[in-house]
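The values are calculated or read from the model by the stated rules, or taken from the named source; none is laboratory data. All values reported here derive from a predicted model rather than from experimental measurement. Heads up, the Cβs are rebuilt from the backbone with ideal geometry, glycines too, and the neighbour counts pull from every protein chain shown.
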Amino acid sequence: MKYSYFPGCTLHTQTKNFNDSIKITSSLLDIELEELKDWQCCGAVYPLTADSTMGLVSPYRSLQKAYEEGTDLVTVCSACYNVLKRTNFAVSNDAQIRKKLSEYMDVDEYAGESKVLHLLEAMRENKGFEKIKEKTINPLKDLRVAPYYGCLLLRPSEELKFDNPENPTIFEEFINSMGAIAVDFPNRIECCGAYVSITSKRKVKGATESILKSAAKRNADIIITSCPLCYHNLAKEQEQLVQSDYLFKPIPILYFTQLLALAFGIEVGSCGFESNRIDARPILKSKNLISGGDAL
Amino acid sequence: MKKIGVFVCWCGLNISSTVDVEKASEELKNYPGVFYADDYKYLCSDPGQELIKKTIVDNKLEGIVVAACSPNMHESTFRAAAEAAGLNPYRVEITNIREQASWVHSNKEDATAKAIQLIKSTVEKVKKSEDLFPQQIPLTKKVLVIGGGISGMTVALEVAEAGYPVILVEKEPQIGGNMAKLSETFPTLDCASCILTPKTAEVGRHSNITLMTNSEVIESTGYFGNFTVKVKRKPTFVDWKKCIGCMLCQEKCPKKTNSDFEHGMGKRKAISVAFPQAIPYRPIISEKECIYFKTGKCKICVKVCPVDCIEFEQEEKIIEENIGAIVVASGYDLLPKEELGEYGQGKYADVIDGMQFERIASASGPTEGVIKRPSDGKIPKSIVFIQCAGSRDNQKGRPYCSKICCMYTAKHAMLYKHQVHDGEATIFYMDIRAGGKGYEEFVQRAIEDDHVLYLRGRVARVYEEDGRLVVLGVDTLSGEQVRIEADLVVLATAVIPSIGAKALGQTLKVGTDTYGFFNEAHPKLKPVESMTKGVFLAGCAQAPRDIPETVSQATGAAAKVITMFSKNHLVSDPQVAKVNEKICVGCLLCKPICPYKAIEPEIVEVRVGCRAEKRQVATINKGLCQGCGACSVACRSGAMNLSGFSNEQILEELKSLCL
Amino acid sequence: MSVEFKPNIICFACNWCSYTGADMAGTSRMKYPATIRIIRVPCSGRVNPTFVMKAYQKGADGVLIAGCHPGDCHYNSGNYFAKRRFLLATRFMTFLGIDEKRLRMEWISAAEGVKFARVMREFSETISKLGPNLRAREEA
Amino acid sequence: MPTKTKTKAEIADIIKRIELISGENIYKCYQCGKCTAGCVMAGEMDISPYKVIRMIQLGLVEKALESESMWLCAACFACRERCPKEVDLSKIMEALRVIQVRDGKPLIEPEEVADEVIEEMPQQGIVSAFRKYN
């Protein structure tokens, strides 16, 4: 299945390892991602103002392009997903906004005909989890993986329809299909504090800490996410946490496709582990999922 | 032209001070069709009425107009007087020259002119009037009560005591409904079965009550006073007539399964009776669980039965009954926990609903009244009660208040505290709605004497951590976020109409609201009648309510039935719709418009030229029609009309007023 | 100089709410112009748009349809039918060239005597301003 | 400059502005507190989320605007997801931020953010923050 692919700003810069692992793994699942030409930043947050539609111009442009390409649009970053899907919802349900945007941009009216999919949704649509099971040559046996959904994938559920907002399962399905153990921890759907950390690191401490501790309590080896900002907040917080709480053992945060690459038996050097904030390789090695000689 | 008499009333000075009544009667004397006209001081007085009667008889009048006060005041008075004088009462029309002329206008000239014009137009209306006769409708004096809970039983007992036969249909194998599952009742804390059991027993033995449990109403035809219903009697696989209720079968049955009656809190056998005081005290085999039905082997019940009453080959039966009135008392269910994602969506064993708590608090329940939590049977040290779980919640599609939860939650907390003195009972509430005799005092007792902690606010999430439930809530009075670790969480889930209520409504042709509660005919004045004549409502089928209110309403519904049955036949108002079959084209556009479902198609034979032809036309059920006239407007061919307010009458009135 | 224009207004009032509301205006001795004549109907749903057109044809200058408030209809749904038919009649009037202000619909409950009188005054004023209706009238 | 207490008309005007920008009817809120119960940032806020709405309902808009609650809202939509009255509090918080920003009172200026933060933060985070705060 062919899709247009919207990487978003971060995957093209800071988190190239995420982007690379997506590219390697998706092709193995018959998900052909072709990067949208001339895509531009989605704006990172969905504009919540009813009196201004300026913030929708950029995501509308990308959606419109994907439609011109005749494909659905796949994205991975939770923020991009939230913005693009909500914009798509708005333009398919609100003729006025649609008209305003297309007139302003002088393009054909686009009414949400293309679908916006998260990579996980694209997998689900293409029997991806069964395929993962088939193609896993390095099952992640005994690896306890805590899926961190965060907020932007799940809410508002009425518009995103990604999964059950209180009791989601898609990440668990993904984890189980690689042979790993999905760790059910209650804080997987809570917010990490997001952009608030730019001004007051101290104030998001409570939010991030409770997520980490909740995962630690359930003996998670690894936390996976699809959001670079969650990744950042969760990783950064641990630097403090190990100092204040000597019992706390750091939990590596990985992008979910990195683990998939590992399960697919892709050379460890190409999984991008070296650029993770907290090195996952020791724990992976302890579970015999990577060999000692590799890159360590 | 008809001989019409016109009577103009002075109403003392009320009319005469602003309307020149003498001028009016004088002018009407010369109006075409008017044979007699006069004015009188007080027409509604006895001499006034005598004058009218005498004038009708003396002058052989064929219609009269009384120009006086509002027809809402004395229309029936004057119509009765006319009837006494041998004139059909529907030949009498009132002109309202008091409320619509003398009292609202101050210029005598204008008021008089208007009054005269109004009287003239009424004369025109009377010219087009017809003799109308109330119709007698036969009546079957037998009532069908649907639902064997406290409301259905109350209706059944009241009507049966009045001497009329009752058929009580209940879908469960036993009567008692939800009340039979309750532990104790607020605000008195008397045990529910103690007050219910005498009632169920009485229903069981009353000679005027035919009990049909394990049965459902599947069809209803006919109308007001003359319904025919079909009742499906599901198989019990036990011959209840032969059975002596020794329950050896239940004792020996090897198959255990979850009990619906216990709401998952307890077990039952594949052949069982729901609870020890059940009426009828007869077992039923659950086809789904019975080993014999699954494998063809076992039959232990057959072996132990001393009277040989097990019948595996029993089949469902359809019974047809003629009845005169129906009372819907189909009760309620609770919103499934599975619809509450934030409270665990049903995946935590120790997050239970109010009814489940009733079972574990009930002395006859699975724990014999010892409050133990379902997951491990431990006595909870901390219980959190969450009110408005799904109620008052637009997002969950239930914006209404479930009404009973405030009180039963206070009761739950109290029962718990009486058992576990050092236990913590916390209630999250939004408002405490304790309007009822002794209710507020009851809640205060829970707070003051039993130290139940009331937190004002909702709960955002419930999840499990280290074998305990974590409740994330807020106390808006202090403004604090609250995190409580609890051993048991009790959700006061929304009261919803019993499953199948909507379908029952369709079967009975009775409307339900958005949520599936039955619609009453009028929110204030007809709270126990449905929009379908002859069908009455009682209890939670109509809206959430507690036991005392249910009993009151059920008694009211019973009174309605008894009033209806106190006559030998029913009389219908003749001012109803009528069809001119000659011009009706049978399109039935009128049918969906009728709020009373009084219009049905009928095949009639009509003469077209010299031959007879069969044709579909609309026909009015005069027992159901209430005379609103909406159909007459929808009719394209003008075949539909309304007696008493016919097209011709209104048009004549109109023409006369437009001059 | 022509004589002062006295409009001729027909009001269809439902028996259960608006007619009783008119009674209420009466018992409270509220004043309104004598230009209004009420026709009692069981329900506003009984009012056939033909009646309305007939009124203009026969010389009425304005027509008012008064019924129970939404949700209060004695017959449950009659006032909703009335509302739809009213909208239809309005469109038809535009087609005929009759000013649509000559037809008005109001929800007046049995308790709203004050409202009844006010509506009568307002409507009478509206029609007085509009002058006599000459469109669709049968005879000049 | 000393702040003057606002007149009734000015307050009504701000409420109208909040409703216009957010597109939400603030009077729908019946103060159940479910938003706050599940808010991960509420503990840090000087005025709890449900109280922010209450302040607006009561016309204490100045207090609501002075509070730092809106700047701490991370727009995670948990409140909106669970609100029984379907009030989107995230939009009301946004309206308060937008009013401040449009009135020339942004929370941060680009030059105020430490280089180290800019270095570490993913681009997405920086863009988000500036969309919300400036």
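Checking each residue of the stretch A:239-252 against the condition of being under 26 Å from residue A:82 (Cα atoms) and surrounded by 24 or more Cβ atoms within 10 Å (Cβ to Cβ) gives no match. Within the stretch B:250-260, can one find any residue that is in a strand (DSSP E or B), in contact (Cβ under 8 Å) with a residue 12 or more places away in the chain and more than 27 Å from the chain's Cα centre (by Cα)? Yes, because at least one residue in the stretch B:250-260 is in a strand (DSSP E or B), in contact (Cβ under 8 Å) with a residue 12 or more places away in the chain and more than 27 Å from the chain's Cα centre (by Cα).
For the condition at the interface with chain A (Cβ under 10 Å from one of its Cβ atoms) and touching a residue at least 60 places away in the same chain (Cβ under 8 Å), residue D:94 qualifies. Checked against (1) buried (at least 17 other Cβ atoms within 10 Å of the Cβ); (2) within 21 Å of residue C:82 (Cβ to Cβ); (3) touching a residue at least 12 places away in the same chain (Cβ under 8 Å), residue B:651 passes all but condition (3).
Just the residues that are acidic (Asp, Glu) and either within 14 Å of chain D (Cβ to nearest Cβ) or free of Cβ contacts under 8 Å to residues at least 24 places away in the same chain (or both), please, taken from the stretch A:33-63.
Scanning the stretch A:33-63 gives a single hit, A:51.
The set of residues in the stretch C:16-49 being under 14 Å from the mean Cα position of the chain (by Cα), facing chain B (nearest Cβ under 8 Å) and closer than 15 Å to residue B:630 by Cα consists of C:40, C:41, C:43, C:45, C:46, C:47, C:48, C:49. The residue of the stretch A:8-18 that is surrounded by the fewest Cβ atoms within 10 Å (Cβ to Cβ), among those that are touching a residue at least 24 places away in the same chain (Cβ under 8 Å) and part of a helix (DSSP H, G or I), is A:16. Scoring residue C:89 on the criteria (1) touching a residue at least 60 places away in the same chain (Cβ under 8 Å); (2) more than 8 Å from every other protein chain (Cβ to nearest Cβ) leaves a single failure, condition (1). For the stretch B:334-348, the count of residues that are surrounded by 19 or more Cβ atoms within 10 Å (Cβ to Cβ), over 19 Å from residue B:471 (Cα atoms) and touching a residue at least 60 places away in the same chain (Cβ under 8 Å) is at least one. Taking the criterion of being of a type in the set (Val, Ile, Thr) and surrounded by fewer than 24 Cβ atoms within 10 Å (Cβ to Cβ), the residues of the stretch C:1-34 that qualify are C:3, C:20, C:27.
Can you tell me which residue in the stretch B:117-146 is nearest to the other protein chains (Cβ to nearest Cβ), limited to those that are in a loop (DSSP other than H, G, I, E, B) and of a type in the set (Ser, Thr, Tyr)? Checking each candidate, the answer is B:129.
When the residues of the stretch B:449-475 are filtered to those that are more than 12 Å from chain D (Cβ to nearest Cβ), outside any strand (DSSP E or B) and at pLDDT 95 or above, the one that is surrounded by the fewest Cβ atoms within 10 Å (Cβ to Cβ) is B:449. With respect to the conditions (1) out of contact with any Gly (no Cβ under 6 Å at 6 or more places or on another chain); (2) crowded, with 18+ Cβ neighbours inside 10 Å, residue C:127 lacks only one, and its number is (1). Of A:189, A:175, all but one fail to be within 14 Å of chain D (Cβ to nearest Cβ) and modelled with pLDDT of 95 or more; the exception is A:189. The set of residues from the stretch B:211-230 being surrounded by fewer than 20 Cβ atoms within 10 Å (Cβ to Cβ), in contact with a Lys or Arg (Cβ under 9 Å, 6 or more places away or on another chain) and of a type in the set (Val, Ile, Thr) comprises B:218, B:221.
Put simply, of A:46, A:110, A:81 the only residue that is part of a loop (DSSP other than H, G, I, E, B) and either buried (at least 24 other Cβ atoms within 10 Å of the Cβ) or of a type in the set (Lys, Arg) (or both) is A:46. Annotation note: of B:412, B:418, the sole residue that is out of contact with any helix residue (DSSP H, G or I) (no Cβ under 7 Å at 6 or more places or on another chain), of a type outside the set (Phe, Trp, Tyr) and assigned to a helix (DSSP H, G or I) is B:418. If the condition is being loosely packed, with under 14 Cβ neighbours inside 10 Å, in contact with a helix residue (DSSP H, G or I) (Cβ under 8 Å, 6 or more places away or on another chain) and part of a loop (DSSP other than H, G, I, E, B), then the stretch A:114-138 contributes only A:137. Report yes if residue B:549 is among the acidic types (Asp, Glu), surrounded by fewer than 24 Cβ atoms within 10 Å (Cβ to Cβ), away from every other protein chain (no Cβ under 14 Å) and within 14 Å of the chain's Cα centre (by Cα), otherwise no. It is true that residue B:549 is among the acidic types (Asp, Glu), surrounded by fewer than 24 Cβ atoms within 10 Å (Cβ to Cβ), away from every other protein chain (no Cβ under 14 Å) and within 14 Å of the chain's Cα centre (by Cα).
Tally up the residues in the stretch C:77-134 that are among the polar types (S, T, N, Q) and farther than 27 Å from residue C:26 by Cα, please. Of the residues in the stretch C:77-134, 4 are among the polar types (S, T, N, Q) and farther than 27 Å from residue C:26 by Cα.
Kindly check whether there is at least one residue in the stretch D:84-91 that is more than 7 Å from every other protein chain (Cβ to nearest Cβ), in a helix (DSSP H, G or I) and surrounded by fewer than 18 Cβ atoms within 10 Å (Cβ to Cβ). Checked the stretch D:84-91: no residue is more than 7 Å from every other protein chain (Cβ to nearest Cβ), in a helix (DSSP H, G or I) and surrounded by fewer than 18 Cβ atoms within 10 Å (Cβ to Cβ).
In the stretch D:15-54, the residue that is nearest to residue B:395 (Cα to Cα) out of those that are among the small types (Gly, Ala, Ser) and surrounded by fewer than 19 Cβ atoms within 10 Å (Cβ to Cβ) is D:23.
If you go through the stretch B:416-428 and keep only what is crowded, with 24+ Cβ neighbours inside 10 Å and farther than 15 Å from residue B:487 by Cβ, you end up with B:427, B:428. Once the stretch A:198-235 is narrowed to residues that are surrounded by fewer than 19 Cβ atoms within 10 Å (Cβ to Cβ) and under 24 Å from residue A:262 (Cα atoms), the residue that is farthest from the other protein chains (Cβ to nearest Cβ) is A:219. Going residue by residue through the stretch D:111-120, is there one that turns out to be under 29 Å from residue A:14 (Cα atoms), among the aliphatic types (A, V, I, L, M), in a loop (DSSP other than H, G, I, E, B) and within 11 Å of the chain's Cα centre (by Cα)? No - not one qualifying residue is present in the stretch D:111-120. Within the stretch D:51-83, if we keep just the residues that are under 13 Å from the mean Cα position of the chain (by Cα), free of Cβ contacts under 8 Å to residues at least 24 places away in the same chain and assigned to a helix (DSSP H, G or I), the residue that is farthest from the other protein chains (Cβ to nearest Cβ) turns out to be D:66.
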